[in-house]
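Novice: Quick one: structure below, then a few questions.
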Amino acid sequence: MLGLLKKIRTLKLSLSTKIIMGCSITLIAALGISFYIIAHHQERLIIGQIENEARAIFKQIVITRGWIADHGGVFVEKLPWVKPNPYLTALGKEVEITDTKGRKFVKKNPAMVTREISKYSEDKDLYWFHITSLKLVNPENAPDEFEKKALLQFEKGNIKDIFSIEKIDNSKYLRYISPLYVEEGCLSCHAKQGYKVGDIRGAISVTIPMDKTFAKILENRRNMLIAAIFIVLSLIAAMYFLMTRLVLGPMKRLKSSINELSEGKYSPSNRLKTGDEFEDLCKSFSEMAGTLTEYHSCLNNKIKEATRGIEDTNRKLIKTNRLLNEANIRKSDFIARASHELRTPLTSVKGAMDYISAKLSHFLHQNPHETALDDLHIFFEVIKKNSERLIRMVNAMLDMERIEMGTSEMHFTNANLSYIVAESLTYFQINADQKGIYFNANIPNNITVRVDEDRIKQVLINLLSNAIKFAPEESEILIFAYPEKDYAVVEVWDDGPGVHPSEHERVFEKFYKNGNKEGTGLGLAICKSIIEAHSGIIGVNSDGKNGSCFYFKLPYPDRNRERFSHESFHATEQHRLLEIAKRITTPC
């Protein structure tokens, strides 16, 4: 029952339902056990009364037999159905007499009187009894199975009587048997059989019908069950009524007060007046609510005082931020315009320098002894080189501003990333040959992504250019492309000095330069902007000692989240990619 009560406690039910269910189960169990004990005791009491009745019948029979034996028998009128006792006749005793009126009487011994009274009682449907013995004189007194077992037990020990409830012809009967002892009056008939006073002559079994008794017991049980159900229902109804009036009602009002407090509508005047613990609880809650309200008001005042200065500061910060944004927009616009304006004359200057440098080279080739012009040619080469650097810087600044301002258009298409990587490698074969560097590319056949091909090529060219710039001579640059769960990944590995972990984020900042190598400091910043515009990820893995690995990740197309495919390209594209991979993975 404790386990059942624990399960009720864990159910998602209202408190009243749980209490009523728990009390009902406890009450049913208590009443069930009590009524079972009462019913069992009552049944035992009724059966005990029947047993006492059986003992009384047995004693009455014994007394009757003793009285008859003491008087040497009794004479009864010889009616047509009355027969003389052949056993008395065999003993030579007088069995018939005639009175003065001529009526005949027959002598009956105790056994015959007992048997006839039993038959008479059985015909009246009251009870019957049976005289029996293991040493039979009359075969009609032969014992049945119950009587035989009882007689054997009587002869073995000092058992006074035996009870048993048996079923005979689909009816229940109480059977009682107790031994008969030889008395002085019995010797007149049984002395010749070797009996003496005090010996067990046999026994008398009494059989009493029990159907009506058990029907009465069943009726009592039914009445007790009905009474138990009525008591349980009455108590449940009373508990529900008292629970609703004395517990649930105050609880609901207290809950309503808590909700009103949370909404700021609580009034201390709405106190319970039940005169019990709920009133004390409501009083404590009202005091707590008043303290909280006062504390809340005090806290609000302090917050208002504290935030008054913050609001002024926020207004100033908003104004300053707006001015900074406007300045940043003007700065970006200025850089974009300046870069655009500078690129045109610089391109013209570079073109003129290219023309003059070509003419000087041709002239010096025909006149090798012109040393003055040779020096002039050297200076023109210096001017040309720096003008080219200025053009690259201007183009990088212009690209950076366009990407950040969102004015640089992206043309997204489904493209083969493996083909883009292989095609980008061909741009650097000459520069790699000059330093004795060779590429080792591990590229699958097909990784489909949705990208702007030109921009991704720009990222790859920038990363490969940096790898060649920082890699030592006669070293190897590794290029990997492979699929992950949600991204296609490209990695570029080199054996250069690497990037210290503290600078992993800074290398992607504008104008940041690692080492004394030439560059604008915008390449990796542009790469980061392009990859982020593709909703991708770019980063670097390096310990600052053993080379570095620059990588970027591009998401698969959203429409079907395409994964790595082993399907081949078209024949011409596959042949071209294999030729490129074969050439760039051979040591230069």
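The values are calculated or read from the model by the stated rules, or taken from the named source; none is laboratory data. Quick caveat: nothing in here was measured; it's all calculated off a predicted structure. Heads up, the Cβs are rebuilt from the backbone with ideal geometry, glycines too, and the neighbour counts pull from every protein chain shown. All accessible areas refer to the heavy atoms of the entire protein, side chains included, with ligands and DNA or RNA removed. Shrake-Rupley method; radii C 1.70, N 1.55, O 1.52, S 1.80 Å.
Novice: Does the range 446-489 classify as rounded, prolate or oblate by the C-alpha gyration tensor (a ≥ b ≥ c root eigenvalues; a/c under 1.5 gives rounded; else a/b over b/c gives prolate, otherwise oblate)?
Specialist: It is oblate, given that a/c is not under 1.5 and a/b is not larger than b/c.
Novice: Under a crude label model (7 Å from the Cα following the beta-carbon direction), how far is Leu299 from Asp486 in nanometres?
Specialist: The two pseudo-label positions are separated by 3.9 nm.
Novice: Let me ask something additional. If ligands, DNA and RNA are left out, what is the accessible area of Ser361 with a 1.4 Å probe, given in Å² to the nearest 10?
Specialist: The value for Ser361 is about 50 Å².
Novice: Heavy atoms only, 1.4 Å probe, whole protein assembly: order Tyr240, Tyr176, Tyr419 by accessible area, highest first.
Specialist: The ordering from most to least exposed comes out as Tyr240, Tyr419, Tyr176.
Novice: Heads up, I need the accessible area for Asp454: 1.4 angstrom probe, whole protein in place, Å², nearest 10.
Specialist: Asp454 has an accessible surface of roughly 110 Å² with all protein chains in place.
Novice: Gain in length, Ala39 to Ile356, computed as 0.36 nm per residue apart minus the alpha-carbon separation, to one decimal in nm?
Specialist: 101.2 nm
Novice: Tell me, in nm to one decimal, what length is gained between Ile25 and Lys156 on full extension, where the rule is 0.36 nm per residue of separation less the Cα-Cα distance?
Specialist: Numbers: separation 131, 0.36 × 131 = 47.16 nm, distance 5.24 nm.
Result for the pair: 41.9 nm of gain on full extension.
Novice: Rank Val449, Val137 by accessible area, highest first, at a 1.4 Å probe radius?
Specialist: The most accessible residue leads, giving Val137, Val449.
Novice: Can I ask one more? Rank Phe75, Phe129, Phe241 by accessible area, highest first, at a 1.4 Å probe radius?
Specialist: On the way: Phe75 80, Phe129 15, Phe241 115 Å².
Reading off the accessible areas and sorting them downward yields Phe241, Phe75, Phe129.
Novice: Same structure, new question: So if R0 is 56 Å, what FRET efficiency would Phe163 and Asp276 give, r being the distance between their Cβ atoms, rounded to the nearest 0.05? Display every interim value, and only then the final one.
Specialist: Numbers: r = 58 Å, r/R0 = 1.04.
FRET efficiency, Phe163 to Asp276: 0.45.
Novice: Could you report the accessible area of Ile97 in Å², rounded to 10, computed with a 1.4 Å probe on the protein chains as they sit in the structure?
Specialist: For Ile97, the solvent-accessible surface is approximately 60 Å².
Novice: Please give, to one decimal in nm, the separation of the simple spin-label points placed at Lys216 and Glu311, each 7 Å out from Cα toward the Cβ.
Specialist: Simple spin-label model gives 9.4 nm for this pair.
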